[in-house]
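One structure is given here, and the rest of the page talks about it.
The values are calculated or read from the model by the stated rules, or taken from the named source; none is laboratory data. On a predicted model such as this, the values are computed, not experimentally measured, just so you know. All Cβ positions, even for glycine, are placed from backbone atoms using ideal geometry, and neighbour counts span all protein chains on display.
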Amino acid sequence: MKRIILLVLFIFTFYNVKAQQLKIGGFVIADGAANKATVQLTALKRTAFTDSLGKFTFNELQAGTHYLKISVLGFKTFTLKVDLKSDTILSPIQLESLDERLNEVVISGTQKEVNRLESPVPVEIYTAKFFKKNPTPSIFEALQNVNGVRPQLNCNICNTGDIHINGLEGPYTMVLIDGMPIVSSLSTVYGLSGIPNALVERIEVVKGPASSLYGSEAVGGLINIITKKVQNASLFSADFMATGYAEYNADLGFKVNVNNKVSFLTGVNYFKYGNKIDHNHDGFTDVTLQDRISIFQKWNIARKENRLFSIAARYLYEDRWGGEMNWNKSFRGGDQVYGESIYTKRVELIGNYQLPIKEKMFLAFSLTNHDQDSRYGSTSYIAKQQIAFSQLTWDKKIGINDLLFGAAFRYTYYDDNTPATASNDITNQKNAPENTFLPGLFVQNEITLNKAHALLGGLRYDYNSVHGHIFTPRLAYKWSINDKNIIRLNAGTGFRVVNIFTEDHAALTGARDIVINNKLKPERTYNANLNFLKKIYLKDGSFLGLDLSAFYTYFNNRIIGDFDTNPNQIIYDNLNGYAVSKGLTANIDMAFSSGLKLTVGATYQDVGFVENGIKQNQILTEKFSGTWAVSYKITKLNLGIDYTGNIYSPMRLPLLGDLDPRRAFSPTWSIQNIQLTYDGLKGIEIYGGIKNLLNFTPNKGTPFIIARANDPFDKNVQFRPDGQVIPTPSNPYGLTFDPNYVYAPNQGIRGFLGIRLNIK
């Protein structure tokens, strides 16, 4: 009997010991830092270090649930749950860099693919992941969380807008898609809202002069929207979102591999908002109603030696209107019920082809066609714009010289029914449409003086068929003090031809007469930007990144709309003086080893003009603005939390006269949002939250937003012979109808809920 008991005890002990001999192994991938990873079994307080190949192993473990914590200096700490039942070799563990945006490859600064840290031109990168922190149906709205960049609404009724960079208005910002300058003039006002987020891989922002590479419109800076690479896209993706305002947005994407060389990506975006809301009780819609569809397709053709060949096309149709609550399409263009109705049709084609030669040469091209059919009350604005662009670049390295040669050609056809083309009817054969030819040559040389110093010089020559010769030089200097401290200095000039009716929505509403005193001369600018970048790695594995800049832009021949001299007119003329935009901007990125991530931005700017020795601040331009995004992932719950927001200091607003009772300056205002995201299901994310937590709307604290909303056609307004309004008992403030008193969105607090599907 003793022997049997001993045998049983031996067998029990053997199996018990064996049960404790399980092991966990794996590999850590951390961009060259794999052999520095610390791996901890948190409950057992056991620690291992990866070897030179990134390998680690834990032996003599019991079956059950274990939590692994992997950390590397400069990378986000990763926690992994392991249900151990037998010896386990984990899939490779990819760590996320805490300063991931600094290590991205960028192209916008120099038109070459280069690591962001190595670029002599400061470039800010915002990935698709960043914009998911506050989901929106278009790029225009998404940019509200980018420091120094402000989407500016220009009309309370149709909600069209443009994008300001460092206080400079929309026409000074060049918007590119895959490096192609196809978003300009008409589309700067009417096409931005039609670019869906689902197409975006990342957005690159260059603040300051970029005219020597991209042409005359890149005076204040540029925004380059990089679309998804076909080879990196998912087989299928979908994103559906709805808000408490009854806004509905759907994004669908799918990839097809035709064969081993040809594949294409298709994306479809549909946005619908058909809910009439008048919370401020002025009889007008608070938010423009929209029905928009965008279809995008991008092809990638694999070639020998990995040479590039991609081609993409997009079609956009949008029907938007705002106005009196009882408006419908039967009133379109009439003077009975006021409405602003805009039909937009837009087609874009983009291509990039690397020539089949030893030299690194690329031929890029784009074609766009933009049709606009609009009614602002009884005022019609019907316009057509076509742009053809091509550019040949040659990238050549000779010793310490990294050269880029380029030849570009741009043709623009523009026709409308305004005085811009000297016609009363776009269908009239006597139209005088604008045909502008803009050939150009540019050269850029980046000289690597040594490991710490690099110098970039560039010169662009363009010939505008209307305005003649244009020279835009550029100079940049980069001093890498070490791998954690970099100083950049950029300077250049700009040249811009103004087209009032395609760039300034206020000129189209019919609320004011347009007066152009003289033949408008092109604007010229001189720009400088000083940037300092610092990386700090803390002992606990956290990361702090500082990006500080000072900017200065001086204008000659600045063209500014005068809203003040006569309340019934907008007077356009070249400034008899000069204008200046200057300021400071700072971005701070903090990523803690705990997983908490914080991005904060602040901009101080002084934007104004001096005429006849008197300085005025630019209208609708804030002195201070700030943005933030706070993110944290509760790994055990598969729950992400994002808190985003912005804040703006007061800005001068367009009043209609001394009797106008509305505020001359906006209050300090802020839009804040919170979002929860659950990703515990494979390939599925469920997200939801609240937008505009503070429920801020611009009507608070002012008697009205739209002047004379009760008489939008000014039928009961009396005028003096000089055009000035006569105050009457029914019009005691002497006002005319005007919807341009706008500085912030009219949407109040609202919830949102969405779901994302992703099949790789």
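A few remarks follow.
- Every residue from the range 650-680 that is over 23 Å from F130 (Cβ atoms) and without any contact (Cβ under 8 Å) to a residue 40 or more places away in the chain: P650, R652, D658, R663, A664, F665, P667, T668
- Residue satisfying all of: in the range 719-755; part of a strand (DSSP E or B) and either outside the structural domain of E340 (by TED's automatic domain parsing) or of a type in the set (S, T, N, Q) (or both); nearest to the chain's Cα centre (by Cα) among these: N731
- Any hit, the range 611-619, residues being surrounded by fewer than 19 Cβ atoms within 10 Å (Cβ to Cβ), of a type in the set (K, R) and not in a strand (DSSP E or B): no
- Total residues in the range 242-262, condition in a strand (DSSP E or B) and closer than 20 Å to F752 by Cβ: 8
- Selection within the range 268-278 - part of a loop (DSSP other than H, G, I, E, B) and surrounded by 20 or more Cβ atoms within 10 Å (Cβ to Cβ): none
- Scanning the range 440-454 for residues that are surrounded by 15 or more Cβ atoms within 10 Å (Cβ to Cβ) and touching an Asp or Glu at 6+ places or on another chain (Cβ under 9 Å) turns up G440, F442, Q444, N445, E446, I447, T448, A454.
- Of everything in the range 371-394 that is touching a residue at least 60 places away in the same chain (Cβ under 8 Å) and touching an Asp or Glu at 6+ places or on another chain (Cβ under 9 Å), the residue that is farthest from P712 (Cα to Cα) is Q385.
- Members of the range 629-644 found to be within 26 Å of L548 (Cβ to Cβ) and touching a residue at least 60 places away in the same chain (Cβ under 8 Å), listed by number: A629, S631, D642, T644
- Considering only residues in the range 708-730 that are farther than 15 Å from G377 by Cα and of a type in the set (A, V, I, L, M, F, W, C), the one that is surrounded by the fewest Cβ atoms within 10 Å (Cβ to Cβ) turns out to be I726.
- For the range 432-486, a residue qualifies if it is part of a loop (DSSP other than H, G, I, E, B) and outside the structural domain of N531 (by TED's automatic domain parsing), and the qualifying residues are A432, P433.
- Where K229 falls short, out of the listed (1) surrounded by 17 or more Cβ atoms within 10 Å (Cβ to Cβ); (2) under 20 Å from the mean Cα position of the chain (by Cα): (1)
- Extreme residue, modelled with the highest pLDDT, among residues of the range 204-213 that are of a type outside the set (K, R) and either assigned by TED's automatic domain parsing to the domain that holds L265 or crowded, with 24+ Cβ neighbours inside 10 Å (or both): V206
- Out of S631, S593, S625, one residue alone is buried (at least 18 other Cβ atoms within 10 Å of the Cβ) and at pLDDT below 95. It is S593.
- Matching residues, the range 279-335, being in a strand (DSSP E or B) and of a type in the set (G, A, S): S294, S310, A312, A313, G322, G323
- Checked against the criterion of being under 30 Å from D573 (Cβ atoms) and not basic (K, R), the candidates S594, S666 yield just one match: S666.
- Contacts under 6 angstrom Cβ, first residue in the range 329-340 being without any contact (Cβ under 8 Å) to a residue 60 or more places away in the chain, partner hydroxyl-bearing (S, T, Y) and surrounded by 14 or more Cβ atoms within 10 Å (Cβ to Cβ), 6 or more apart: R332/S341
- In the range 33-81, residue modelled with the lowest pLDDT [restricted to those that are buried (at least 18 other Cβ atoms within 10 Å of the Cβ) and part of a loop (DSSP other than H, G, I, E, B)]: G74
- Residues being within 20 Å of P661 (Cβ to Cβ), without any contact (Cβ under 8 Å) to a residue 24 or more places away in the chain and not aliphatic (A, V, I, L, M) - total across the range 702-755: 7
- Filtered residues of the range 294-310 (kept if in contact with a helix residue (DSSP H, G or I) (Cβ under 9 Å, 6 or more places away or on another chain) and not aromatic (F, W, Y)): S294, K298, N300, A302, S310
- Pairs where the first residue, in the range 266-288, is of a type in the set (V, I, T) and the second is assigned to a strand (DSSP E or B), C-beta under 6 Å, 6+ apart: T266/F254; T266/Q297; V268/L252; V268/I295; T285/G322; T288/R320; T288/G322
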